Amino acid sequence: MNQLTRLILWFLLALLLQSCGSHVQQRTDPEFFGYEETGKASFYAMKFQFRKTASGDRFNQLAMTAAHKKLPFGTMLLVTNLENGKSVKVMVNDRGPFIKGRIIDLTRASFAKIGDTRKGILSVKIVAVK
């Protein structure tokens with residue numbers, strides 16, 4: 001099987017898994033509405049694809065999810081790139097990032113919606129929303 005075929009199969013499998021439901025309920029605790037934080041965002045390495053997250057979900061690079069150190073699983077966040085103003089809504093379903101100076105890890109798909117993945121790190125503002 002050549003590399004292109006494997007890549008296509010991986011993409012189709014990821015697309016199929018994206019439609020699988022999460023057992024984490026998308027719900028921001030009212031106590032956290034309006035929570036704001038500004039800092040650096042990064043995205044997960046490919047090696048984490050399909051591994052279990054801290055919440056028990058399978059990690060999916062195509063999902064609109066994120067890792068945060070302390071916000072409850074299911075918290076919905078609006079992540080805004082401070083350089084270009086683009087935003088994406090993601091759900092917290094994992095813990096991290098574990099690199100000093102970073103406040104959130106995004107999936108590759110959610111990172112790509114607001115910035116260039118070749119950069120690897122963005123300055124962002126996160127706000128807990130409904």
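What follows draws every value from the coordinates through simple rules; no lab data is involved. For clarity, every value in this text was computed on a predicted model and none was experimentally measured. Heads up, the Cβs are rebuilt from the backbone with ideal geometry, glycines too, and the neighbour counts pull from every protein chain shown.
Can you name the residue in region 104-130 that is assigned to a loop (DSSP other than H, G, I, E, B) and touching a strand residue (DSSP E or B) at 6+ places or on another chain (Cβ under 9 Å) and, of all such residues, is surrounded by the fewest Cβ atoms within 10 Å (Cβ to Cβ)? Break it down into steps so the answer makes sense when it comes.
Here is the first cut: in region 104-130, the residues assigned to a loop (DSSP other than H, G, I, E, B) are 107, 115-120, 130.
If we keep only those that are touching a strand residue (DSSP E or B) at 6+ places or on another chain (Cβ under 9 Å) too, we end up with 107, 115-117, 120, 130.
Numbers: Thr107: 25, Gly115: 23, Asp116: 12, Thr117: 12, Gly120: 12, Lys130: 8.
Restricting to residues being assigned to a loop (DSSP other than H, G, I, E, B) and touching a strand residue (DSSP E or B) at 6+ places or on another chain (Cβ under 9 Å), the top hit is Lys130.
Do the conditions hold for Thr75, that is, is it out of contact with any Pro (no Cβ under 9 Å at 6 or more places or on another chain), of a type in the set (Ser, Thr, Tyr) and over 16 Å from Gly34 (Cα atoms)? Break it down stepwise before answering.
Numbers: out of contact with any Pro (no Cβ under 9 Å at 6 or more places or on another chain): yes; of a type in the set (Ser, Thr, Tyr): yes; over 16 Å from Gly34 (Cα atoms): no.
Considered against the rule, which asks whether it is out of contact with any Pro (no Cβ under 9 Å at 6 or more places or on another chain), of a type in the set (Ser, Thr, Tyr) and over 16 Å from Gly34 (Cα atoms), Thr75 comes out as no.
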| said: Within region 55-67, does at least one residue satisfy the condition of being under 13 Å from the mean Cα position of the chain (by Cα) and among the charged types (D, E, K, R)? | reply: yes
| remark: Going through region 65-93 in order, the residues found to be charged (D, E, K, R) and either in contact with a helix residue (DSSP H, G or I) (Cβ under 9 Å, 6 or more places away or on another chain) or more than 18 Å from Ser55 (Cα to Cα) (or both) are Glu83, Lys86, Lys89
| task | Among the residues of region 89-123, write down those that are over 18 Å from Phe32 (Cα atoms) and either of a type in the set (A, V, I, L, M) or free of Cβ contacts under 8 Å to residues at least 12 places away in the same chain (or both). | result | Phe98, Ile99, Lys100, Leu106, Ala109, Ala112, Ile114, Asp116, Arg118, Lys119, Ile121, Leu122
